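Reviewing the structure listed below.
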Amino acid sequence: MVLSSAALLAVSVFAHHGSAVSYDLTKRVTMKGVVTDFKYINPHPAIFWDLTDDKGSVVHWTGEIAPNVAQLQQEGWGRKRSEAALAAGTAVTITVSPSRAGGPVGLVQRIENAAGEAILGEIGLGAPPAAEPKP
C-alpha cells in the first residue's frame, strides 16, 4: 500500500511540470486585445482573446493564468468576480511569457483593463474592489 502510494505521488509530481518548461519566462510580449472567453478551471484558469494586427487580421490567443483557483480565491478572485472582470468583449492589455513551442499561446503575466488598471498584476492580483458604501 505504501509503495503504491509512493508510486502515485511520483507520477503526480512528474505530471505537473513547471512553467519554465512550457513558456519562455525570460521574454514578455504585451498586446491589446478583446476577451473572447475565460475559463475558471483547475489546475489553472485560462483566458482567450483576439488580437487584431495592423493589416486587420485576427489572431486567436490563449493564455494560462499561473495562480490556481485556490490561490485566486485567497486573493478575493472568486469565480463571479473573475468572470465579470474578464467577460467576453472586454478590452484588455495582456502581457505573456510566450510558449516555447511557438504560436499564439502564453503564460499570463499581467492583465490590464481599458483604463490601464491591473486586473491581474505580475506580483499579485489587482486590488480587490472597494467596499460598496452601506445605505
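Observations on the structure shown:
- Subset tally (residues that are of a type outside the set (A, V, I, L, M, F, W, C) and under 12 Å from Leu107 (Cβ atoms)) for region 46-76: 4
- Residue, surrounded by the fewest Cβ atoms within 10 Å (Cβ to Cβ), within region 63-97, restricted to residues that are within 22 Å of Ala115 (Cα to Cα) and of a type in the set (Val, Ile, Thr): Thr93
- Residue check, Asp54 of a type in the set (Asp, Glu) and at pLDDT 95 or above: no
- Members of region 88-113 that are hydrophobic (A, V, I, L, M, F, W, C) and in a strand (DSSP E or B): Ala91, Val92, Ile94, Val96, Val105, Leu107, Val108, Ile111
- All told, Lys32 meets the bar of being out of contact with any Asp or Glu (no Cβ under 9 Å at 6 or more places or on another chain), in contact (Cβ under 8 Å) with a residue 60 or more places away in the chain and in a strand (DSSP E or B).
- The residues of region 83-108 that are in contact (Cβ under 8 Å) with a residue 12 or more places away in the chain and of a type in the set (Gly, Ala, Ser), listed by number, are Ala85, Ala87, Ala88, Gly89, Ala91, Ser97, Ser99, Ala101, Gly106.
- Any hit, region 77-87, residues being part of a strand (DSSP E or B), modelled with pLDDT of 90 or more and more than 14 Å from the chain's Cα centre (by Cα): no
The values are calculated or read from the model by the stated rules, or taken from the named source; none is laboratory data. No experiment lies behind these values; they were computed from the predicted model shown. Neighbour counts run over all protein chains shown; Cβ positions are idealised from the backbone, glycine included.
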